[in-house]
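> Just dropping this structure here.
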Amino acid sequence: MAKSNKPIFWSLFAAGGTLAAFLAPVLVVLFLLTALGFRPGLLGYEQLHAFGANWLGKLFLLTVITLFLWHAAHRLRVTLHDFGLRQDHLVAVVVYLVAAAGTALALLYLWRI
């Protein structure tokens, strides 16, 4: 039986989708409240910077950003295939390279906080 990389990318897709399903509504509500002027105390710049500067906060943010990127990459790959772009290997390489570059940039920026 030939080895495949599909389980790796599928697990990143599933984890990112699950995380997005739980976190996206919360983020929408928090940012909507902030936009309407009802800013909770924990959404101040100082508090968010302190969260991002902590190693546990960095790990959380890196996990969320990475899984969202890999979920979006896999979904884009499947969507492009559904639209008729049948060069799956090329599309897979491009979208996963973009997700990997986004992960590396997130790691770099979080390291600099």
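> Exactly one of these conditions fails for Leu23: (1) of a type outside the set (S, T, N, Q); (2) within 17 Å of the chain's Cα centre (by Cα); (3) within 26 Å of Ser4 (Cα to Cα). Give me its number.
Of the numbered conditions (1) of a type outside the set (S, T, N, Q); (2) within 17 Å of the chain's Cα centre (by Cα); (3) within 26 Å of Ser4 (Cα to Cα), the odd one out for Leu23 is (3).
> In the list Ala72, Ala99, which residue meets the criterion of being touching a Ser or Thr at 6+ places or on another chain (Cβ under 9 Å), of a type outside the set (S, T, N, Q), touching a residue at least 12 places away in the same chain (Cβ under 8 Å) and closer than 14 Å to Leu12 by Cα?
Ala99
> For segment 62-101, enumerate the residues that are surrounded by 17 or more Cβ atoms within 10 Å (Cβ to Cβ) and over 9 Å from the mean Cα position of the chain (by Cα). It would help to see each step written out before you state the result.
To start, the set of residues in segment 62-101 that are surrounded by 17 or more Cβ atoms within 10 Å (Cβ to Cβ) comprises 65-74, 77, 80, 91-92, 95-96, 99.
If the condition is that a residue be surrounded by 17 or more Cβ atoms within 10 Å (Cβ to Cβ) and over 9 Å from the mean Cα position of the chain (by Cα), then Ala73, His74, Arg77, Leu80, Val91, Ala92, Val95, Tyr96 are the ones that fit.
> Of all residues in segment 80-91, which are under 15 Å from Phe9 (Cβ atoms) and at pLDDT 90 or above?
Leu80, His81, His89, Val91
The values are calculated or read from the model by the stated rules, or taken from the named source; none is laboratory data. Just so it is clear, the structure is predicted and the values come from calculations on it, not from any experiment. Note that we place each Cβ from the backbone using ideal geometry, even for glycine, and neighbour counts take in every protein chain shown.
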